[in-house]
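Structure record follows, encoded as structure tokens.
None of the figures in this text is laboratory data; all of them are computed from the coordinates on show. None of the values given here were measured: they were computed from a predicted structure. Because the Cβ atoms are built from the backbone with ideal geometry, glycine has one as well, and the counts that use them run over all protein chains shown.
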Amino acid sequence: MLETKELQAWYGASHILHGISIAVERGAIVALVGRNGAGKTTTIRSIMGLMPKTSGEIRFDGVDLTALRAHDRFNLGLAYVPEERRIVPGLTVRENLQLGLVASRAGIDERVAIDEIAESFPRLKERLGQEAVTMSGGEQQMLAIARAMIAKPKMILLDEPSEGIMPVLVEEMGVLFRRLRDQGVTLLLVEQNVEWALRLADRAVIIDQGEVVHESSADVLLADKAMQERYCAV
């Protein structure tokens, strides 16, 4: 579904990624883990076309993304949930969900799409008319994920979805991600909650100082506490 080859990225003069090559299988959950500052967020921002300067190759569902802008990548079925959520103040939950359809070219019926997404998120279904920023942090994270899902993407890039969320909502999120995988949606998950991510994922990739240093099944890395301590401990 997704492949990067020798992906390089810069913030100004700072060279952040040094040849990231990863592959994400269709219908899989892949966890991208490592310490803070390792380059995980930069990797998915580069894949989404949000970095000011990159080089290398990115292919998604057979299409070369290198010269495409972020909204073009979105229209190919690639969605992104940023760490900061970006819930729009002054808008209701329903209106924030509508934003997920604004740039879509898929011809999705808005009313049907919102009804369907609300069924997947019972907490949001109860709050469609509520101003979104008045909800809890965990509920806002659910809204950010729902907004990415509403246009029916083929793949979702998620940056730290469990951060600052109470455990019961984190577990609900895990159930949701498994259900999405079972429905054929591919997930690339950047996560500091390493144990939770590895229990959820099919495969794991460790990034350290802008380079891939380990790839394996998630189960193998989950059992390798020395590797986790070396590259993932805060």
Sorted by packing (mean other beta-carbon atoms within 10 Å per residue), highest first, where do 129-135, 185-191 land? 185-191, 129-135
Compactness index (Cα Rg / 2.2 N^0.38 Å), the range 1-61: 1.08
Dividing the alpha-carbon radius of gyration of the chain by 2.2 N^0.38 Å, where N counts its residues, gives 0.99
Those aspartates and glutamates that a straight Cα-Cα span of less than 19 Å connects to Lys53, excepting residues fewer than 8 apart in one chain: Glu3, Glu6, Asp64, Asp72, Glu211
Helix 167-182 axis, angle to the chain major axis (alpha carbon atoms, nearest 10°): 80 degrees
In the chain, taking the dipole from +1 charges on Lys and Arg beta carbons and -1 charges on Asp and Glu beta carbons about the Cα centre, the listed residue (Ile207, Ile20, Pro153) farthest towards the positive end is Pro153
How far is helix 110-120 tilted off the main Cα axis of the chain, in degrees rounded to 10, range 0 to 90? 70 degrees
Under 23 Å Cα to Cα from Lys125, which lysines show up? Leave out anything in the same chain fewer than 8 places away. Lys152
Could you give the size of the charge dipole of the range 89-152 about its Cα centre, using +1 on the Cβ of each K and R and -1 on the Cβ of each D and E, expressed in debye and rounded to the nearest 20? 140 debye
Projected label distance in nm at Arg94 and Ser216, using a 7 Å step from Cα toward the beta-carbon: 5.0 nm
Only Lys, Arg, Asp and Glu count, each charged at its Cβ (+1, +1, -1, -1), so figure out the dipole size of the chain about its Cα centre, rounded to 20 debye. 380 debye
For the chain, give the share of DSSP beta bridges that are antiparallel, in percent and rounded to the nearest 5; count only bridges with both residues there. 60 percent
Sorting check: for 70-81, 29-40, 159-170, which peptide has the highest mean count of neighbouring beta carbons within 10 Å, and how do the rest follow? 29-40, 70-81, 159-170
Inter-centroid distance (Cα atoms) of the range 135-167 relative to the range 176-214, Å: 15 Å
Length gained when the stretch Val168-Ala223 is fully extended (0.36 nm per residue, less Cα-Cα span): 17.4 nm
